[in-house]
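Chemist: There's a structure below that I have some questions on.
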């Protein structure tokens with residue numbers, strides 16, 4: 001029997017926190033002490049927690065902007081900066097690395113990997129996004145969207161080495177931040193949605209030489225033969241699965257466990273989404289939608305826990321995996337905690353991978369519960385087998401996305417950027433392309449007023465229940481930072497960065513950032529002064545989910561790094577506020593054919609990832625084409641789309657589109673602009 005959880009606290013290793021802690025965190029991997037933020041989520045434990053406490057519940061009212069830095073040319077900003085000995089390191093949308101003085105904001109150096117020049121074809125596989133860098137031994141490690149991992153000299157930004165981690169002609173891209181451990185640096189890749197077979201690779205930090213690679217899904221029988229981990233996985237697939245694609249890419253988080261010398265890898269959805277298409281009859285499709293533990297020195301398989309066997313819902317398990325020591329039934333346990341997409345919060349034993357507990361953090365109707373004996377979900381009976389429409393929560397956006405949660409050892413709580421959104425499955429089995437994200441949240445009044453919205457959720461991982469919840473009017477919000485000052489910081493899509501009381505959820509401070517926030521804040525100190533920093537730049541998945549994620553930000557709003565400190569007195573320049581009015585452009589003399597519009601609508605699926613679902617832009621990572629002068633002028637439209645005139649600025653080139661297809665795509669955009677004008681009075685201008 002799995003032991004019941006008891007809410008019994010432990011003393012912290014850190015004496016300053018001992019009087020208030022319920023749990024003991026794993027030792028953070030720091031460089032230069034607590035003043036630094038040395039890894040994507042602060043330390044090796046991936047807690048996204050800072051022990052700094054000068055900014056606290058009593059002083060936060062004095063918090064103000066001390067400096068900011070505009071980032072012209074950038075789009076959606078998802079990275080969390082590192083702070084190493086007074087220098088901030090972070091990335092922009094296409095993997096450009098910036099180094100700035102943490103006190104003055106002076107740009108020290110920048111490095112652009114120039115994906116547009118190195119491998120422009122990769123730019124067509126999705127929107128630009130990058131979540132940051134890693135640091136070790138005077139080197140900064142980062143990855144480009146096109147699949148390169150590179151090392152830079154931390155002092156000067158000089159390129160030390162670069163290695164191709166993915167095939168040049170494949171659909172694999174990189175958006176996640178690497179991690180460092182034991183003289184190695186590890187990275188995965190995206191592409192699960194295109195069927196790419198997932199893997200993670202560790203490289204030598206000094207040379208870039210490959211140390212080991214682990215595949216997160218099996219290959220052909222010949223490739224699997226003699227590899228126990230792949231043979232184990234292959235037994236959970238049927239048919240010629242290696243020909244249809246497997247998925248399972250590890251596109252975001254990794255966690256290094258220095259105590260057990262292990263790497264924990266979170267994997268993505270299986271592909272195709274339709275389980276019957278990829279593995280007819282049966283099969284759990286390992287190691288997709290799983291947490292896999294590997295030996296850090298060799299990359300060999302140790303254990304796995306599959307969150308969603310036979311995944312059919314695009315329920316990635318790539319979210320952050322946080323390590324801690326919890327007291328369970330009076331006994332200390334080394335645990336791994338995760339809030340994946342599927343709406344449950346999991347606590348696993350790090351030694352064995354055995355499930356300790358799992359409970360719903362919100363609306364999750366795809367499963368009744370998680371069976372603690374088997375570790376498997378007890379799925380709702382109507383989703384895989386029932387004919388006709390089926391409705392389920394959460395949607396593929398997830399109850400928790402890639403945005404960082406934070407674990408505070410002072411309160412013993414995990415702070416989660418929660419989302420509530422459903423999907424409609426319109427076939428007897430969910431098939432790729434048949435789901436409608438957020439279709440339940442628009443139009444008429446939703447059955448649940450929280451649908452299509454988010455929240456900041458304080459979760460007790462021992463009692464497995466919510467302690468408090470702050471509702472947010474927006475769905476797609478930023479990651480979370482908790483601190484030793486008993487504060488929780490989060491930026492949101494509404495453009496505000498807020499600080500909440502970690503124990504009660506009461507908002508104590510907020511700042512108008514002038515644009516939506518999806519990145520997570522972090523904290524560092526220089527010469528005894530504490531700072532809080534956050535990147536501001538809404539977008540990314542907001543485009544493809546723009547039916548509920550569009551909150552009125554317009555393309556072209558400044559993207560910035562904001563840095564706060566006590567008694568900061570700087571003020572941002574005034575920027576355009578949120579505005580839901582579509583300022584569509586049109587040429588009333590232009591005649592368009594209905595058949596071209598219909599064909600163009602199908603072609604636009606290639607554009608929707610960046611420019612918005614059904615032409616509804618979300619302010620990033622690309623403009624709303626109904627408002628674009630370029631999309632109004634046929635010659636300019638051809639020059640940009642076919643000839644690649646804006647390739648260097650992030651707009652992919654589509655030289656394979658025929659002249660007829662270009663006419664159809666143009667017609668669909670023009671029809672959408674006219675519809676917007678008819679609905680809300682956009683302006684009409686003549687084409688040049």
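The values are calculated or read from the model by the stated rules, or taken from the named source; none is laboratory data. If you're wondering where the values come from, they're calculated on a predicted model, not measured in any experiment. All Cβ positions, glycine included, derive from the backbone under ideal geometry; neighbour counts span all protein chains shown.
Chemist: Output the strands (runs of 3 or more DSSP E) that fall wholly within segment 141-204 and possess 1 or more residues being at pLDDT 95 or above and more than 24 Å from residue 300 (Cα to Cα), or say none. Give the derivation first.
Modeler: Values: elements: 148-153, 159-164, 179-181, 184-187, 199-204.
Here the list reads 148-153, 159-164.
Chemist: Here is a follow-up. When segment 342-358 is examined, which residues are found to be crowded, with 18+ Cβ neighbours inside 10 Å and more than 20 Å from the chain's Cα centre (by Cα)? Break it down stepwise before answering.
Modeler: Of all residues in segment 342-358, those crowded, with 18+ Cβ neighbours inside 10 Å come to 342-348, 350, 353, 355-358.
Scanning segment 342-358 gives 347, 348, 350, 353, 355, 356, 357, 358.
Chemist: Report yes if residue 257 is modelled with pLDDT of 95 or more and in contact with a strand residue (DSSP E or B) (Cβ under 8 Å, 6 or more places away or on another chain), otherwise no. Write out each step before concluding.
Modeler: Values: modelled with pLDDT of 95 or more: yes; in contact with a strand residue (DSSP E or B) (Cβ under 8 Å, 6 or more places away or on another chain): yes.
Spelling it out, residue 257 is indeed modelled with pLDDT of 95 or more and in contact with a strand residue (DSSP E or B) (Cβ under 8 Å, 6 or more places away or on another chain).
Chemist: Among the listed residues 247, 266, identify the single one that is within 26 Å of residue 383 (Cα to Cα), touching a residue at least 12 places away in the same chain (Cβ under 8 Å), in contact with a helix residue (DSSP H, G or I) (Cβ under 7 Å, 6 or more places away or on another chain) and crowded, with 22+ Cβ neighbours inside 10 Å.
Modeler: On the way: 266 fails: in contact with a helix residue (DSSP H, G or I) (Cβ under 7 Å, 6 or more places away or on another chain).
Answer to the check: 247.
Chemist: Return the residues of segment 512-531 that are buried (at least 20 other Cβ atoms within 10 Å of the Cβ) and either closer than 30 Å to residue 579 by Cβ or out of contact with any strand residue (DSSP E or B) (no Cβ under 8 Å at 6 or more places or on another chain) (or both); say none if nothing qualifies.
Modeler: Taking segment 512-531 as the starting set, the residues that turn out to be buried (at least 20 other Cβ atoms within 10 Å of the Cβ) are 513-525, 530-531.
Across segment 512-531, the qualifying residues are 513, 514, 515, 516, 517, 518, 519, 520, 521.
The rows are residues; the columns are (1) in a strand (DSSP E or B); (2) touching a residue at least 60 places away in the same chain (Cβ under 8 Å).
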{"position": "456", "(1), (2)": "yes, no"}
{"position": "463", "(1), (2)": "no, yes"}
{"position": "499", "(1), (2)": "yes, yes"}
{"position": "504", "(1), (2)": "no, no"}
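Chemist: Filter segment 122-140 down to the residues that are under 23 Å from the mean Cα position of the chain (by Cα) and modelled with pLDDT of 90 or more and list them by number.
Modeler: The first filter runs over segment 122-140 and keeps only residues under 23 Å from the mean Cα position of the chain (by Cα), leaving 122-135, 140.
Within segment 122-140, 129, 130, 131, 132, 133, 134, 135, 140 meet the criteria.
Chemist: Do the conditions hold for residue 127, that is, is it part of a loop (DSSP other than H, G, I, E, B) and buried (at least 17 other Cβ atoms within 10 Å of the Cβ)?
Modeler: yes
Chemist: Something else now. How many residues, within segment 139-161, are surrounded by fewer than 16 Cβ atoms within 10 Å (Cβ to Cβ) and touching a residue at least 24 places away in the same chain (Cβ under 8 Å)?
Modeler: At the first step, the residues of segment 139-161 found to be surrounded by fewer than 16 Cβ atoms within 10 Å (Cβ to Cβ) are 153, 155-156, 158-159.
Restricting the remaining residues to those that are touching a residue at least 24 places away in the same chain (Cβ under 8 Å) gives 156, 159.
Going through segment 139-161 one residue at a time, the tally reaches 2.
Chemist: Working only within segment 210-234, note down all residues that are touching a residue at least 40 places away in the same chain (Cβ under 8 Å) and surrounded by fewer than 23 Cβ atoms within 10 Å (Cβ to Cβ).
Modeler: Answer for segment 210-234, where residues must be touching a residue at least 40 places away in the same chain (Cβ under 8 Å) and surrounded by fewer than 23 Cβ atoms within 10 Å (Cβ to Cβ): 210, 211, 212, 213, 228, 229, 232.
Chemist: Shifting gears a bit: Consider residue 290 against the criteria (1) farther than 19 Å from residue 228 by Cβ; (2) buried (at least 24 other Cβ atoms within 10 Å of the Cβ); (3) modelled with pLDDT of 95 or more: it satisfies all of them except one. Which criterion is unmet?
Modeler: Checking residue 290 against (1) farther than 19 Å from residue 228 by Cβ; (2) buried (at least 24 other Cβ atoms within 10 Å of the Cβ); (3) modelled with pLDDT of 95 or more, the one that fails is (1).
Chemist: Cβ-Cβ under 7 Å, sequence separation 6+ or interchain: first residue in segment 403-418 and without any contact (Cβ under 8 Å) to a residue 60 or more places away in the chain and on the phi > 0 side of the Ramachandran plot, partner surrounded by fewer than 24 Cβ atoms within 10 Å (Cβ to Cβ) and part of a strand (DSSP E or B). Which pairs?
Modeler: Going by the 7 Å Cβ cut-off, there are no qualifying pairs.
Chemist: Within 30 Å of residue 266 (Cα to Cα) and crowded, with 19+ Cβ neighbours inside 10 Å: does that describe residue 43?
Modeler: Yes: the conditions hold for residue 43.
Chemist: Could you list all residues from segment 205-225 that are closer than 18 Å to residue 286 by Cα and part of a loop (DSSP other than H, G, I, E, B)?
Modeler: Initial filter on segment 205-225 (closer than 18 Å to residue 286 by Cα): 213-225.
Of everything in segment 205-225, those that are closer than 18 Å to residue 286 by Cα and part of a loop (DSSP other than H, G, I, E, B) turn out to be 216, 217, 218, 219, 220, 225.
Chemist: For the structure I just gave you, tell me whether residue 617 is in contact with a strand residue (DSSP E or B) (Cβ under 6 Å, 6 or more places away or on another chain), buried (at least 17 other Cβ atoms within 10 Å of the Cβ) and at pLDDT below 95.
Modeler: On the way: in contact with a strand residue (DSSP E or B) (Cβ under 6 Å, 6 or more places away or on another chain): no; buried (at least 17 other Cβ atoms within 10 Å of the Cβ): yes; at pLDDT below 95: yes.
Judged against the criteria, residue 617 is not a match.
Chemist: So residue 645 ticks every box in (1) in a loop (DSSP other than H, G, I, E, B); (2) surrounded by 15 or more Cβ atoms within 10 Å (Cβ to Cβ); (3) touching a residue at least 60 places away in the same chain (Cβ under 8 Å) but one. Which box is left unticked?
Modeler: (3)
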